[in-house]
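Worksheet: the structure to be examined is printed underneath.
The values are calculated or read from the model by the stated rules, or taken from the named source; none is laboratory data. The structure displayed is predicted, hence computed values, not measured ones. Every residue, glycine among them, receives a Cβ derived from its backbone with ideal geometry; neighbour counts consider all protein chains shown.
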Amino acid sequence: MKLFGLIFTLCLITNFYSAQNSLNVNVIFQWDDPTIPAEPFYNLNYNEVWGVAINDREYAIIGSSVGTHIFDVTDPANSTEVEFIPGASGQVIHRDYHDYQGYLYIVCDEGPGTLQIADLSSLPDSATVVYDSDSLFSRTHNIFIDSLNGLLYNTNGGVYSLEDPENPIEISNVNTGSLFDHGHDLYVRNDTAYWHTGPTGLFVFDYSLDQTNPTMLGSLSLGEYNHSGWLNNEGNIYVFAEETFNTDVQICDVSDFSNITILSSVNSGGGANSIPHNLIIKDEYLFISYYHDGLYIFDISNPNDPLLVGFYDTEPGPSIPYSWHGAWGVYPNLPSGNVLVSDTRHGLFILDVSEATNSISDLSPQHTKSLVKIVDVMGREINDKPNTLLIKLYSDGSKQK
């Protein structure tokens, strides 16, 4: 493979990236409604973000303190809010979403909440709420739908059949206190649930044999606050975030649940105020929403050596120590490739990440390291220099570090 392009060696000050607003990511659209009140506990206006594609059109869903906002983002630069679904109460910090067979499932974790189900088939004209009840549960921190089996899981321990998507039926309600101290979030695929339990860590359970008494397959604890995670398409790599100041996101080999192994870790380089929150793997890319630091994108095609390829800071102001301002959620799975990000004070962002995910130029190594290898046009190492940036371009568009 011939190196045809150019090799830049740019002298950088330490934490060069931290002073920048973006890398290989561009804003297409941003929405913020100043009439939406901040909830009184943490002064946050917005929370989770989700996305759906229906009838060849794309939609963004973002939660606020007062309800759920649905946007038609098919023409992203001219996105418009097409529906608002009020919550059972205002002053809500946490909302969560998942979709299944054209329905949106809506929950919250404050106030007198309900499970809401909205039929999205008539969008962009309307989204019809077909279920709004607290009979199954009133509040839960998060939900996840095992789409292979049509089952909705909540973090209270409940499992619900979606055979009739408009009328969920409880099939199990496990006392999570018998499994771990606190269920904060979970990821489920084909009866295998990855539970994020705060200070007690990550637990993996098999629900296939007995929904009422799942079998623990493995666990891992780092002593921080295990918050959220995602599984790659192949099912052998799992990533998780510790919602703690200045902690890394861990990239793990889960091919053997009895021996979950950390292969590598990444962070935003934001220092003491940096807090990873939510994350999703799409193909070989890891998308992470950070309080204070915004969206970060890493190429994890080699999970032992992840590569930063892009970022965008959604919080324009200075970081306020020990606050929860910044990016809350991320959704990268729209067919267009555009990425949705929610910011707790600045609302919805639609981002073009094509430069990050399709570029033939890469930044190497992670920006949190201060030493890179300098090579000549034949790929031979010349020397080491601290705080330098190495860019390599190849004629076939491939990547090599």
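Residues of the stretch 189-214 being of a type outside the set (Gly, Ala, Ser) and surrounded by fewer than 21 Cβ atoms within 10 Å (Cβ to Cβ), which ones? Correct list: Arg189, Asn190, Asp191, Thr192, Pro199, Thr200, Asp206, Leu209, Asp210, Gln211, Thr212, Asn213.
Take the conditions (1) surrounded by 20 or more Cβ atoms within 10 Å (Cβ to Cβ); (2) of a type in the set (A, V, I, L, M, F, W, C); (3) touching a helix residue (DSSP H, G or I) at 6+ places or on another chain (Cβ under 6 Å); Leu217 misses just one of them, which is (1). Per the listing Pro316, Pro321, the residue uniquely in contact with a helix residue (DSSP H, G or I) (Cβ under 9 Å, 6 or more places away or on another chain), under 30 Å from Thr35 (Cβ atoms) and either modelled with pLDDT under 95 or not β-branched (Val, Ile, Thr) (or both) is Pro321. Scanning the stretch 209-221 for residues that are without any contact (Cβ under 8 Å) to a residue 24 or more places away in the chain and either in a loop (DSSP other than H, G, I, E, B) or not assigned by TED's automatic domain parsing to the domain that holds Asn156 (or both) yields Leu209, Asp210, Ser221.
Within the span defined as the stretch 304-318, one or more residues are of a type in the set (Phe, Trp, Tyr) and farther than 24 Å from Phe144 by Cβ.
Please specify each residue of the stretch 28-69 satisfying the condition of being among the β-branched types (Val, Ile, Thr) and either closer than 26 Å to Val129 by Cα or exposed (fewer than 15 other Cβ atoms within 10 Å of the Cβ) (or both). Listed by number, the residues that qualify are Thr35, Ile36, Val49, Val52, Ile54, Ile61, Ile62, Val66, Thr68. Listed here are the strands (runs of 3 or more DSSP E) enclosed by the stretch 91-208 that have at least 1 residues being within 27 Å of Ile281 (Cα to Cα) and assigned by TED's automatic domain parsing to the domain that holds Gly229: 95-100, 103-108, 115-119, 143-146, 151-154, 158-161, 185-189, 192-196, 202-206.
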